[in-house]
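I have placed the structure first, in the form of C-alpha cells, so that the comments after it can refer back to it.
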Amino acid sequence: MSDRPRVLGINRTQDASICLMQGSQLQWAIQKERITRQKHHWGRLDDVRKVYLSRLPGLEQPIDVLVECYSGDAEIEQLAAYEQELRETLVLAPGCRRARISHHLAHLYSVFHPSPFEEAAVMIIDGQGSPVSELTESWRGVGEVPGDWREISSFYHADRKSIACIDKQVWDRDEQRMVGLGMFYFLLTHAIFPGQGSEGKVMGLAPHGNPHALGLPPLEVNGAQVTIPARWFEILHERGRFRYTSEDKTRFADTANLAAAGQRAFEEAVLEVAHWLHRQTGSENLCFAGGTGLNCSTNDRLLRETPFRRVFIPPAPSDAGTALGCAVYGLTQLAGQRCDWRWTNDYLGPEPQTSDIEAALQDADDLIVERVERDEDLCVRMVDLLCATKVVALYQGRSEFGPRALGHRSILGDPRHGSLRDWINARVKQREWFRPLAPIVLLERAEEFFDIFRPSPFMQFAAPVRAQAAAIIPAVTHVDCTARLQTVGEQDDPMLRRLLKAFEARTGVPVLLNTSFNRKEEPVVETPAEALETFRRTPMHALAMPPFLIRKRVEPEPVS
C-alpha cells in the first residue's frame, strides 16, 4: 500500500455523505443533499453510481481503503446489494482494506482525531445510532452486548494511541418508551414542528418562552443514563396544543413555553452528563459530536459551567460528519497511519472551477455581470451595497461541509438595521419570524461585542451580546441577547476577513450579518448555476461570485 493511501468513507444514514482522503490530505467531503437538492437526504442503494461518481473527482481512481457506516436496519438488510454496487462502480485496488463500522464509532473518529487535542474525553449524543448487533470496537470495555438494542449515546477517553469506551446508553426498540437526550429533543421538536430537521427552530424559539410556565420536571440523569419522566411524554402527545402555526397567534405562548422548557431540561441534563464524564476521565478537554452538538446554547454552557477548559465541536457533528469519521478510521486503523489532518476550516466541498462560473453566466443576459479582478475592489463594492441596506450573497471557493454557512455560501447584510433580519426571514428565506440570524466578526474585536474570549470559527457557540453592543447590531442579537457567532482571525478565510475589514473601516463595526445561501426547504447552494438560480428567485440585491459582481437589471428596493 502507498504511504499516501486513497481512503474513501461513505455514510449511508440520514444526511448521507462521502469523503475522500489521500493520506492525511482531505480531498473533499460533501453531503448527498448538496448534489440531489433534497434536504437531509438518506443514503440509498446506488448512491455511488447515480449520485457521486459523475460529480466528484477521484472516484474513478483505485481506492486503497474503503470504510462505510450504517444506522438503519433497512440499509443493513441490503448489505449484499451495497457490496455489488461498490464492486461494479469503484476501482478497488488489489488488497483494498475494507470495514463497516458502527455509527457512533464513525462519530468518534470524526471528532477526536481531527481535533486539536492529544487527549480528550469524548461525548457522542445522537438520536439513535447503530443496532447493537452491528457494534464492534465501539462497545469494547462496556461489558456484555445486549440483544436487539440501539446505541443512543457513547462516552470515551481517547488519546492518539488508544480509545477506551467508558459507557453507553442503549435503547430497546421493543419498548415504546424512548430514552436519552437525542430522543428527547427529537420528540420535543416533532411536538412543535412537522417534518425533519427542525431542531434549530426549537432552539431559536425557546428564548421567546418561559421555561417554568408549564411546570415540567427535569430529565432524570444517572451517569450516562438519561430517562424521560412520564409527564413529558404526556405533554408531548398534546400536539394540537403545541404545534406551531403562523396563523394562530394565541397558541404562540404555549408553543414557546414548551420549547423553552425542553431546551432548559436538555441543557441541564447535558451539563450533568458532562460533569459525570469529567469525573470519569479527569480530562480538561472535551470533544462533542452527534446531532445534539449543533445546539449552540448548550455548547456555550458546556464551556462556561463544566470543569472542561477546552471544548471542540466539529462543524459537522451530525450524521453528515460520519463519512469523514469513516475515512479517518480507515487511515488510522486499516492503513495504520497517523491522521495529521485537523479541522481548521470547513471548506471541504469540491473546488468549483472558474470555467463553471463562466459557463453559468453565459446565459445571464437578464442580469448585470461585472468582472472585478481584485478582491480588494470587489469587497469595496460589496460594502457600498451593504451600507445602502442591500442584501448581498457571497459564493466563493469550496462549499462548507457542515450545515452552517461560514462565508463561502452566505447571504450577508448590515447588522446595524434590525429590519434587515425580518426582511431576510420573510422575503428571502420565507421562514418563521423568530429565527435568529448570525454575526461574523473579526476575532481581534470579538470581545468588544460578545462575551467570548476564544476563537469560534464554526458558529457552534451562542455567546452573550454585550449590552452596549446589542443596540449597535440588533439584526444579529437574539431576543435573549445572545448570538451564534463566527469569528474570523488572521489565519481564517482571506476574502471574508478582507470584507470585514472593509466594512469596519467604513462603519466602525467589525461585524456582518450572515445566513446560509439557500431558499426555503432547499439545501445550501453548491454550484454556480444553483447560486444564480437562487439569486434570481429571491429579492436579494447582488451576488458576489469572485471575480464577478452580479446585480439585477430591475433592482429591488433597499430594505427600509
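For region 307-317, the Karplus equation 6.51 cos²θ - 1.76 cosθ + 1.60, evaluated at θ = phi - 60°, returns couplings of x, 5, 8, 9, 10, 10, 10, x, x, 10, x Hz by residue, with Gly and Pro reported as x. Here the Karplus curve 6.51 cos²θ - 1.76 cosθ + 1.60, taken at θ = phi - 60°, turns the phi angles of region 152-164 into couplings of 10, 8, 9, 9, 9, 10, 10, 9, 6, 10, 8, 9, 10 Hz, with x standing for Gly and Pro.
For region 162-241, the per residue solvent-accessible surface stands at 45 Å², with DNA, RNA and ligands left out and a 1.4 Å probe.
Compute the accessible area per residue over region 344-436, keeping the other protein chains in place, probe 1.4 Å, unit Å². Can you show the working numbers first?
Details: 3700 Å² over 93 residues.
With the other protein chains kept in place, region 344-436 gives 40 Å² per residue.
Accessible area of CYS387 (1.4 Å probe, protein heavy atoms only, ligands and nucleic acids ignored): about 40 Å². Under 5 Å between amide hydrogens, built in the peptide plane, is the criterion, and for TRP28 it picks out LEU20 among residues at least 5 positions away or on other chains.
Along each principal axis, taking the top coordinate minus the bottom one, the Cα set of region 246-382 gives 60, 60, 28 Å in descending order. Taken one residue at a time, the phi angles of region 211-219 give Karplus couplings (6.51, -1.76, 1.60, θ = phi - 60°) of x, 9, 4, 8, x, 8, x, x, 5 Hz. Gly and Pro are set to x. Note on region 155-291: dipole from Cβ charges, positive end direction compared against LEU286, ALA256, ALA213; the farthest Cα belongs to ALA256. Database remark: amide H of TRP149 closer than 5 angstrom to the amide H of VAL132, SER133 (H placed geometrically; neighbours at sequence offset of 5 or more, or on other chains; Pro and chain starts carry no H). Within the accessible surface of region 386-468, defined with a 1.4 Å probe on protein heavy atoms only, the carbon and sulfur portion equals 53 percent.
By its C-alpha gyration tensor, with a ≥ b ≥ c as the square roots of the eigenvalues, how is region 186-330 shaped: rounded for a/c under 1.5, else prolate for a/b larger than b/c, else oblate? Verdict is prolate for region 186-330.
Placing dummy labels 7 Å off each Cα toward the beta-carbon, the span from THR245 to ARG537 is 2.7 nm. Of all beta bridges DSSP finds with both residues in region 1-129, what is the antiparallel percent, to the nearest 5? If I count the DSSP bridges inside region 1-129, around 50 percent turn out antiparallel. Oblate is the label for the chain, because the ratio a/c of its alpha-carbon gyration tensor axes (a ≥ b ≥ c) is 1.5 or higher and a/b is not greater than b/c.
Ligands, DNA and RNA left out, the accessible area of region 240-375 computed with a 1.4 Å probe is 42% carbon and sulfur. By the gyration tensor of its Cα atoms, with a ≥ b ≥ c the square roots of the eigenvalues, what is the shape of region 158-241: rounded for a/c under 1.5, prolate for a/b over b/c, or oblate? Because a/c hits 1.5 or more and a/b exceeds b/c, region 158-241 counts as prolate. Packing-based ranking of 360-371, 220-231 yields 220-231, 360-371, ordered from highest to lowest mean Cβ neighbour count within 10 Å.
Estimated purely from DSSP H runs of n ≥ 4, each contributing -39500 (n - 2.57), the mean residue ellipticity at 222 nm for the chain is -8500 deg cm²/dmol once divided by its residues. Among 408-418, 443-453, 112-122, the peptide with the highest mean count of other Cβ atoms within 10 Å heads the list, and the full ranking is 408-418, 112-122, 443-453. For the listed peptides 315-327, 189-201, a ranking on the average number of other beta carbons within 10 Å per residue, highest first, reads 315-327, 189-201.
Near GLY489, the amide H atoms lying under 5 Å from its own belong to LEU443; only residues 5 or more places off or on other chains count, and H is placed 1.01 Å from N.
Hey, if we sort GLU60, GLU238 by accessible area with the 1.4 Å probe, largest down, what's the order?
Values: GLU60 115, GLU238 65 Å².
Largest accessible area first, the residues go GLU60, GLU238.
In units of the compact-protein estimate 2.2 N^0.38 Å, region 7-53 shows a Cα radius of gyration of 1.11. Of the solvent-accessible surface of region 62-103, computed with a 1.4 Å probe and all protein chains present, 50% belongs to carbon and sulfur. Counting every alpha-carbon pair across region 319-428, the share separated by more than 17 Å comes to 70%. Beyond 23 Å, what percent of the Cα pairs of region 432-557 remain? Cα-Cα pairs of region 432-557 separated by over 23 Å account for 39 percent.
Express the accessible area of region 6-57 per residue in Å², computed with a 1.4 Å probe while the remaining protein chains stay in the model. Please list the in-between numbers first.
Working: 1720 Å² over 52 residues.
It amounts to 33 Å² per residue over region 6-57.
One chain, two ends: ALA81 and ARG310. Fully extended at 0.36 nm per residue, the span grows by 78.1 nm beyond their Cα-Cα distance.
Find the Cα radius of gyration of region 224-310, compare it with 2.2 N^0.38 Å by division, and give the number to two decimals. Before the final figure, lay out each step's value.
Working: Rg = 16.2 Å, N = 87, 2.2 N^0.38 = 12.0 Å.
Normalised Cα radius of gyration, region 224-310: 1.35.
The values are calculated or read from the model by the stated rules, or taken from the named source; none is laboratory data. Just so we're clear, the structure is a prediction, and the values are computed from it rather than from any experiment. When we count neighbours, we look across all protein chains shown, and the Cβ atoms used for this are built from the backbone with ideal geometry, even at glycine. Ligands, DNA and RNA are excluded from the accessible area calculation, which covers all protein heavy atoms including side chains. Shrake-Rupley method; radii C 1.70, N 1.55, O 1.52, S 1.80 Å.
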